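**Q** Once you've had a glance at the structure underneath, I'll fire off some questions.
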Amino acid sequence: MHTTAAQPTASDGASPATLILVALATCLALVVFTAPLTTLEAMTASLSLGAGQQAWVMSGMPLGSACGLLTAGALGDTLGRRRTFLAGLWITALSSIAAAMATGGTLLIVMRVVQGLGSAGIMACGLGLLGQAYSGAVLRRATAIWAAALGAGVAVGPLIASGLMALSGWQAAHWLIVVVSAALALAARGHLPDNPSSAEKVDVTGGILLIFGLASLLSALVELRVGTARLVGLLLALAMALLALFTLVERRARNPILTFGLFAYPRFSGATLAAFASGAGVLALMSMVPTVLVRGLGLPPVASATVLLAWSGVTVVAALGAVALPERITSRDRVVFSILGCAVGQLLMLCLDANQGWVSALPGLLVAGISNGILNASLGHEALATVPGHRAAMGSAANNTARYLGSALGIAMISILMAGDDGDALLHNWHVAVIATTGFSLAGAVAIWLLSRREIPSAA
């Protein structure tokens, strides 16, 4: 793959519209993910949510995404990526209708999980569609734009939700998601390439085991904040049993959801570890910045979301600029150095101080934003380059699943550290969280460097 054209190639009916639609849908998925950051208080007042329900509203969407990504990837590679991508958009639209009309916390939580399942179809097959449509240098630019769309969703999601809430309540953000999802689904029908359907059957058994296994694991992480030790223990035991059974089933399946042989390749293992490290490290820490600014420094929610732009907005610019890096810098080096840059940005968040206000957070946000943008662009390319072409959706799904699992672990850990605290106590525990999440980033960088020194196997 050595295409150097300035515009995307047109294989299988692909056109620039493919990149535009995939990027917009990816941005939408991250808007869905971040919308509650600035509307949770309004939801709580409107629906009388308890502490446990608030935790589930925040965690429901990433839980659904993490559980559904690998299954959606298998459906895309087997039944068609365009079909699965469109299904994800329609599921997002329908679940958002129900979320906007919810009159109680239970329905809202369930619909947040279903929104996550819809986003899984978008995320797993969107990157796979880019790998199918473009190649070479054009693919590198396309994955950089895809990575910028991730940052854009994080940047605009809280602002859109808080702005619309002032006009028409917290439900307005969900209605906007309905309109955009439906519009993208209708536009995508005639503008996306599709891979031929496979004669292989979808591994339904493996999909069910994986969904319930990951659901149990992530539920245990959520309940660490609000549940009992007995419930957490039962959920962890159930998760281990289901995931062990999933591993046995996959090793015998003719068309597995996850081909474990791919982990024999250092580049695939490295990309997956890097995604997990970025989720548990910089993504988890930055996701909690608005909470710290509101509870620790007394900023209004909209102001805290605006300050976060120093990270998320810079991520967008850095992802787009990553294509200008010299070709002599290998993919491995880009991933390692960008994760190390994220670790430096995280450590700078120790400077956050109540006396100096939100300005003290800017150095860390800016350094982490630049590094995270380059990391996202590099990981997007690696997720496609480390798997066979007919498994593009699997590579994307594995990478994003690792990212969501890492962020769930990191956010749960930070939430436990800061539970119930305000003011000076919260800032002290925030500093502990900074050090802990920086450890994830550093461990990820070391693991990737060690993996890259292994000799690549001669066969899968």
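**Q** Surrounded by fewer than 22 Cβ atoms within 10 Å (Cβ to Cβ), free of Cβ contacts under 8 Å to residues at least 12 places away in the same chain, over 21 Å from the mean Cα position of the chain (by Cα) and not in a helix (DSSP H, G or I) - does that describe any residue in the range 301-324?
**A** No - not one qualifying residue is present in the range 301-324.
**Q** Test L426 against the criterion of being surrounded by fewer than 18 Cβ atoms within 10 Å (Cβ to Cβ) and at pLDDT 80 or above, and give yes or no.
**A** no
**Q** So V359 passes all but one of these: (1) touching a helix residue (DSSP H, G or I) at 6+ places or on another chain (Cβ under 6 Å); (2) modelled with pLDDT of 80 or more. Which condition number does it fail?
**A** Condition not satisfied by V359: (1).
**Q** Same structure, new question: Which count do you get for residues in the range 240-274 that are in a helix (DSSP H, G or I), in contact with a Ser or Thr (Cβ under 7 Å, 6 or more places away or on another chain) and more than 28 Å from V446 (Cα to Cα)?
**A** Just the residues of the range 240-274 that are in a helix (DSSP H, G or I), to begin with: 240-252, 260-264, 266-274.
Cutting the leftovers down to in contact with a Ser or Thr (Cβ under 7 Å, 6 or more places away or on another chain) gives us 242, 249, 263, 266-268, 270-271.
Filter again for more than 28 Å from V446 (Cα to Cα), leaving 242, 249.
Total meeting the criteria: 2.
**Q** In addition: If E327 satisfies all but one of (1) crowded, with 16+ Cβ neighbours inside 10 Å; (2) more than 21 Å from the chain's Cα centre (by Cα), what's the number of the condition it fails?
**A** Only one criterion in (1) crowded, with 16+ Cβ neighbours inside 10 Å; (2) more than 21 Å from the chain's Cα centre (by Cα) is unmet by E327, namely (1).
**Q** Given the condition surrounded by 23 or more Cβ atoms within 10 Å (Cβ to Cβ), under 17 Å from I411 (Cβ atoms) and in contact (Cβ under 8 Å) with a residue 24 or more places away in the chain, answer yes or no: does some residue in the range 246-255 qualify?
**A** So far as the range 246-255 goes, no, none of its residues is surrounded by 23 or more Cβ atoms within 10 Å (Cβ to Cβ), under 17 Å from I411 (Cβ atoms) and in contact (Cβ under 8 Å) with a residue 24 or more places away in the chain.
The values are calculated or read from the model by the stated rules, or taken from the named source; none is laboratory data. Owing to the predicted nature of the structure, the values given are computational and were not obtained by experimental measurement. All Cβ positions, glycine included, derive from the backbone under ideal geometry; neighbour counts span all protein chains shown.
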